[in-house]
Amino acid sequence: FVGAAGATALILAAVTAERLRAEQSAEAVAETLQQGLLPARLPPIADLEIAVDVRPAGERLLVGGDFYDWFESGEGSWDLLVGDVRGKATAAARATALVRYTLRAEAVREARPSRILAGLNDAIMRQAPGEICTVAYVRLGLEPAGARLTASLAGHPLPLILRSGGQVETLGRPGSLLGVPEPELSDSSSRLGPGDSLVIYTDGLTDAYAPDRITSPAEVANALSS
């Protein structure tokens, strides 16, 4: 009996150690994937302050469905986007890679954010049928005393503009998510003046306390104005 118990304990210890090594290896792969799918650094832009906050949903879930990007699209023009793909881990990494690099390619030949998102939708339908995602896409043009914004929303929460006086406005109009035939997409324009801020977020913020409580967009706007 003692011998059998000892052998069982050794087997369990070996299995536990192997599982721990597998989990550590998976976490290392996930962290590497996440680092490769997000910008290594934020680009410096004169007269603009930029900040990003990304927090994993769980301690061991390092690759989520949320992503962002920010890159120069022309002389005095910058494109910024925040999105959310379905799923987690490697499935999310695969979809994020398709979305991010397709948007960069479309941004070279298209001037309107809605056309850029339409190009992404075509790519998803061809290369990843069944995949869906939401994106908030903004093209920012620098001006002598501020910036001009052109935005298109694909099923994503509306970005918020915090004016220097404390008022909060939404940017853009709701659109349909991507990965479906003929999505509804449109362009909207606004302007940032000195002291104004643009805030783009995913539903990871509004669902942070789910299922006990869902934060409404109005609550986010109230928190921002305060």
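The values are calculated or read from the model by the stated rules, or taken from the named source; none is laboratory data. Since this is a predicted model, take the numbers as computed values, not measurements. Because the Cβ atoms are built from the backbone with ideal geometry, glycine has one as well, and the counts that use them run over all protein chains shown. All accessible areas refer to the heavy atoms of the entire protein, side chains included, with ligands and DNA or RNA removed. Shrake-Rupley method; radii C 1.70, N 1.55, O 1.52, S 1.80 Å.
Of note:
- Pairs where the first residue, in region 139-157, is free of Cβ contacts under 8 Å to residues at least 40 places away in the same chain and the second is open to solvent by less than 60 Å² (accessible area, probe 1.4 Å) and basic (Lys, Arg), C-beta under 7 Å, 6+ apart: 150/139
- Selection over region 7-66 of residues that are surrounded by 14 or more Cβ atoms within 10 Å (Cβ to Cβ), outside any loop (DSSP other than H, G, I, E, B) and at pLDDT below 70 gives a count of 7.
- Residues within region 173-220 that are under 19 Å from the mean Cα position of the chain (by Cα) and in a helix (DSSP H, G or I), tallied: 6
- Per the listing 187, 203, the residue uniquely open to solvent by less than 50 Å² (accessible area, probe 1.4 Å) and not hydrophobic (A, V, I, L, M, F, W, C) is 187.
- Residues in region 158-198 that are among the charged types (D, E, K, R) and either more than 30 Å from residue 127 (Cα to Cα) or in contact (Cβ under 8 Å) with a residue 40 or more places away in the chain (or both): 163, 169, 187, 191, 196.
- Members of region 209-226 found to be touching a strand residue (DSSP E or B) at 6+ places or on another chain (Cβ under 6 Å) and either farther than 22 Å from residue 171 by Cα or not hydrophobic (A, V, I, L, M, F, W, C) (or both), listed by number: 225
- Within region 112-156, being within 11 Å of residue 177 (Cα to Cα), assigned to a strand (DSSP E or B) and open to solvent by 10 Å² or more (accessible area, probe 1.4 Å) holds for one residue alone: 134.
- Members of region 78-111 that are hydroxyl-bearing (Ser, Thr, Tyr) and either at pLDDT 90 or above or open to solvent by 50 Å² or more (accessible area, probe 1.4 Å) (or both): 90, 101, 102
- Of all the criteria given as (1) closer than 20 Å to residue 101 by Cβ; (2) modelled with pLDDT of 95 or more, the one not satisfied by residue 128 is (2).
- Neighbours by Cβ (under 7 Å, 6+ apart or cross-chain): first from region 104-121, without any contact (Cβ under 8 Å) to a residue 40 or more places away in the chain and of a type outside the set (Phe, Trp, Tyr); second open to solvent by 10 Å² or more (accessible area, probe 1.4 Å) and part of a loop (DSSP other than H, G, I, E, B): 116/110; 119/110
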